[in-house]
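The values are calculated or read from the model by the stated rules, or taken from the named source; none is laboratory data. None of these values were measured; they are calculated from a predicted model. We place every Cβ from the backbone using ideal geometry, glycine too, and count neighbours over all the protein chains shown.
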Amino acid sequence: MRLLKKTVVWLLLLWGIPVSIWATVDTLNPNLSAEDKEGALPALILLGLPPIAISGLLIHSLRQQHQANERKSDREIEQLFLAEIQADDGVVSPIIFATKADLSIEDAKTYLDEKAVQLNGLYEATESGGITYRFPI
């Protein structure tokens, strides 16, 4: 559906922008007769501006859909984080969390660092030199 919307947006813009430019140039051109200018304004209003307006509405819709997906993804990661700290008595490993949340290790570390600050979590070094996060439950 997103691909279809994006395709329609591009087609509408490919139609609306050139027609609008042509009609505007013809309307403002002092060398054209009034007869020639007569059709440019209706062409702008009927054929140029509506496709641009519709594409703007579709772009707005796509942006809202993208933001909703991001919010959903953030909630899913939050739920995975909460499930992980409950399952392991508040101890979370960045590698395990990255695997379960389908994040890069750097993104997982950044997320866990933010949560550690937010929830008063502690960093602990493991015997193998890694880091685990301990959160109060």
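Of the residues in the stretch 103-110, not one is acidic (Asp, Glu) and over 23 Å from Arg134 (Cβ atoms). Among the residues of this structure, Glu70 counts as one that is of a type in the set (Asp, Glu), assigned to a helix (DSSP H, G or I) and under 30 Å from Trp10 (Cβ atoms). Within the stretch 129-137, identify whether any single residue is part of a helix (DSSP H, G or I) and among the hydrophobic types (A, V, I, L, M, F, W, C), and answer yes or no. Scanning the stretch 129-137, I find no residue that is part of a helix (DSSP H, G or I) and among the hydrophobic types (A, V, I, L, M, F, W, C), so the answer is no. If I filter the stretch 1-42 down to residues being of a type in the set (Gly, Ala, Ser) and at pLDDT below 90, which single residue comes out as nearest to His60 (Cα to Cα)? Across the stretch 1-42, the extreme among qualifying residues is Ala40. Looking only at the stretch 91-122, residues that are of a type outside the set (A, V, I, L, M) and surrounded by fewer than 14 Cβ atoms within 10 Å (Cβ to Cβ) come to 8 in all.
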